[in-house]
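In what follows, a structure is listed as C-alpha coordinates, so that the remarks can point back to it.
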Amino acid sequence: MKLKTRRLLKVSSLLIIFLIGCFILFYNLKNNLVFFFSPSEILEEEISSDENVRLGGMVKKGSIKKKEIELKAKKVQEIIFTITDFEREIFVYYIGILPDLFSEGQGVVVEGNLISPVRFNAKVVLAKHDENYMPPELDNIAKPTN
(Lines give C-alpha, C1' and ligand atoms only; values in the text may rest on other atoms or scores of the structure.)
Protein backbone atom coordinates (compact mmCIF):
# COMPACT_ATOMS: atom_id res chain seq x y z
CA MET A 1 0.00 0.00 0.00
CA LYS A 2 1.18 3.47 -0.80
CA LEU A 3 2.01 5.92 1.97
CA LYS A 4 -0.74 8.28 0.80
CA THR A 5 -3.37 5.52 0.89
CA ARG A 6 -2.26 4.36 4.34
CA ARG A 7 -2.42 7.92 5.71
CA LEU A 8 -5.90 8.43 4.22
CA LEU A 9 -7.06 5.15 5.78
CA LYS A 10 -5.73 6.16 9.23
CA VAL A 11 -7.30 9.63 9.09
CA SER A 12 -10.68 8.31 7.94
CA SER A 13 -10.61 5.58 10.63
CA LEU A 14 -9.90 8.18 13.33
CA LEU A 15 -12.68 10.39 11.98
CA ILE A 16 -15.18 7.50 12.03
CA ILE A 17 -14.18 6.57 15.61
CA PHE A 18 -14.53 10.22 16.68
CA LEU A 19 -17.99 10.52 15.09
CA ILE A 20 -19.16 7.27 16.71
CA GLY A 21 -17.90 8.53 20.08
CA CYS A 22 -19.75 11.85 19.66
CA PHE A 23 -22.94 10.00 18.69
CA ILE A 24 -22.75 7.77 21.78
CA LEU A 25 -22.04 10.76 24.03
CA PHE A 26 -24.94 12.87 22.74
CA TYR A 27 -27.31 9.90 22.65
CA ASN A 28 -26.65 9.17 26.34
CA LEU A 29 -26.92 12.85 27.35
CA LYS A 30 -30.15 13.61 25.49
CA ASN A 31 -32.26 13.49 28.68
CA ASN A 32 -29.83 15.72 30.58
CA LEU A 33 -29.77 18.51 28.01
CA VAL A 34 -32.96 19.96 29.52
CA PHE A 35 -32.12 21.68 32.81
CA PHE A 36 -35.59 21.05 34.25
CA PHE A 37 -39.15 20.12 33.34
CA SER A 38 -42.16 22.32 34.14
CA PRO A 39 -45.10 20.68 35.97
CA SER A 40 -47.03 20.43 32.68
CA GLU A 41 -44.08 18.82 30.88
CA ILE A 42 -43.24 16.38 33.66
CA LEU A 43 -46.85 15.15 33.86
CA GLU A 44 -46.85 14.46 30.10
CA GLU A 45 -43.62 12.42 30.29
CA GLU A 46 -43.57 8.76 31.30
CA ILE A 47 -41.23 8.89 34.28
CA SER A 48 -40.69 6.04 36.71
CA SER A 49 -40.63 6.77 40.45
CA ASP A 50 -36.96 5.73 40.73
CA GLU A 51 -35.79 8.08 37.96
CA ASN A 52 -34.03 11.25 39.16
CA VAL A 53 -35.45 14.37 37.45
CA ARG A 54 -35.46 18.15 37.86
CA LEU A 55 -38.72 20.04 38.25
CA GLY A 56 -38.88 23.81 37.93
CA GLY A 57 -41.46 26.52 38.26
CA MET A 58 -42.83 29.10 40.67
CA VAL A 59 -43.55 28.47 44.34
CA LYS A 60 -47.30 29.02 44.69
CA LYS A 61 -48.22 31.78 47.14
CA GLY A 62 -49.60 30.47 50.42
CA SER A 63 -48.50 26.90 49.75
CA ILE A 64 -45.44 26.57 52.03
CA LYS A 65 -46.09 24.41 55.08
CA LYS A 66 -43.28 23.60 57.52
CA LYS A 67 -43.36 20.94 60.20
CA GLU A 68 -40.64 19.80 62.59
CA ILE A 69 -40.14 16.02 62.60
CA GLU A 70 -37.67 13.65 64.23
CA LEU A 71 -35.48 11.71 61.82
CA LYS A 72 -32.66 9.46 63.06
CA ALA A 73 -32.83 11.04 66.53
CA LYS A 74 -32.48 14.55 65.02
CA LYS A 75 -35.09 17.25 64.68
CA VAL A 76 -35.38 18.34 61.06
CA GLN A 77 -37.89 20.35 59.05
CA GLU A 78 -40.28 18.74 56.61
CA ILE A 79 -41.35 21.32 54.06
CA ILE A 80 -44.31 20.87 51.74
CA PHE A 81 -44.94 23.42 48.99
CA THR A 82 -46.50 23.62 45.56
CA ILE A 83 -44.66 24.28 42.30
CA THR A 84 -46.76 25.69 39.48
CA ASP A 85 -46.29 26.77 35.88
CA PHE A 86 -49.69 28.51 36.09
CA GLU A 87 -51.28 25.60 34.21
CA ARG A 88 -50.61 22.62 36.49
CA GLU A 89 -49.35 22.12 40.03
CA ILE A 90 -47.27 19.50 41.86
CA PHE A 91 -46.83 19.14 45.63
CA VAL A 92 -43.18 18.94 46.64
CA TYR A 93 -42.03 17.20 49.84
CA TYR A 94 -38.57 18.13 51.10
CA ILE A 95 -36.67 17.38 54.31
CA GLY A 96 -33.77 19.69 55.06
CA ILE A 97 -32.68 23.31 55.05
CA LEU A 98 -34.07 25.57 52.36
CA PRO A 99 -31.86 28.09 50.50
CA ASP A 100 -32.04 31.71 51.68
CA LEU A 101 -33.59 32.89 48.39
CA PHE A 102 -36.45 30.38 48.62
CA SER A 103 -39.80 32.13 49.06
CA GLU A 104 -43.36 32.18 47.78
CA GLY A 105 -43.85 33.60 44.31
CA GLN A 106 -40.20 32.98 43.38
CA GLY A 107 -38.65 30.57 40.90
CA VAL A 108 -37.32 27.25 42.15
CA VAL A 109 -35.75 24.08 40.73
CA VAL A 110 -35.97 20.84 42.70
CA GLU A 111 -34.22 17.57 42.01
CA GLY A 112 -35.69 14.25 43.08
CA ASN A 113 -38.34 11.69 42.17
CA LEU A 114 -41.89 11.99 40.87
CA ILE A 115 -43.81 9.61 43.16
CA SER A 116 -47.27 10.23 41.68
CA PRO A 117 -48.83 12.81 39.32
CA VAL A 118 -49.31 15.13 42.30
CA ARG A 119 -46.33 14.31 44.57
CA PHE A 120 -42.63 14.99 44.07
CA ASN A 121 -40.02 13.99 46.68
CA ALA A 122 -37.16 16.51 46.47
CA LYS A 123 -33.60 15.71 47.49
CA VAL A 124 -32.19 19.11 46.44
CA VAL A 125 -33.86 22.54 46.31
CA LEU A 126 -32.29 25.34 44.25
CA ALA A 127 -33.75 28.84 44.50
CA LYS A 128 -33.59 30.89 41.33
CA HIS A 129 -33.02 34.62 41.19
CA ASP A 130 -33.27 37.28 38.50
CA GLU A 131 -30.40 38.79 36.52
CA ASN A 132 -30.30 41.85 38.82
CA TYR A 133 -29.31 39.79 41.87
CA MET A 134 -26.01 40.68 43.50
CA PRO A 135 -24.62 38.95 46.59
CA PRO A 136 -24.54 41.26 49.65
CA GLU A 137 -20.73 41.12 49.78
CA LEU A 138 -20.45 42.43 46.22
CA ASP A 139 -23.34 44.85 46.63
CA ASN A 140 -21.48 46.66 49.46
CA ILE A 141 -18.35 46.94 47.30
CA ALA A 142 -20.28 48.23 44.28
CA LYS A 143 -22.02 51.06 46.18
CA PRO A 144 -20.01 54.28 46.25
CA THR A 145 -19.27 55.61 49.73
CA ASN A 146 -19.73 59.39 50.06
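Brief remarks on what is shown
- For the range 77-88, taking the residues that are of a type outside the set (A, V, I, L, M, F, W, C) and more than 17 Å from the chain's Cα centre (by Cα), the one that is farthest from Ala122 (Cα to Cα) is identified as Glu87.
- Residues that are under 19 Å from Lys128 (Cβ atoms) and of a type in the set (Lys, Arg), drawn from the range 52-87: Arg54, Lys60, Lys61
- Glu46 being more than 17 Å from the chain's Cα centre (by Cα) and closer than 17 Å to Val125 by Cα: no
- Pick from the range 1-32, criterion among the aliphatic types (A, V, I, L, M) and within 30 Å of Leu55 (Cα to Cα), ranking: modelled with the highest pLDDT: Ile24
- Residues in the range 116-141 that are out of contact with any Gly (no Cβ under 6 Å at 6 or more places or on another chain) and at pLDDT below 90: 18 in all.
- If you filter the range 49-76 down to residues that are over 23 Å from Gly105 (Cα atoms) and aliphatic (A, V, I, L, M), you find that the one that is nearest to the chain's Cα centre (by Cα) is Val76.
- Single match in Ile42, Ile83, Ile64, Ile69 (criterion: assigned by TED's automatic domain parsing to the domain that holds Gln106, in contact (Cβ under 8 Å) with a residue 40 or more places away in the chain, more than 20 Å from Pro117 (Cβ to Cβ) and not aromatic (Phe, Trp, Tyr)): Ile64
The values are calculated or read from the model by the stated rules, or taken from the named source; none is laboratory data. The structure presented is a predicted model; accordingly, all values stated were derived computationally and were not measured. Heads up, the Cβs are rebuilt from the backbone with ideal geometry, glycines too, and the neighbour counts pull from every protein chain shown.
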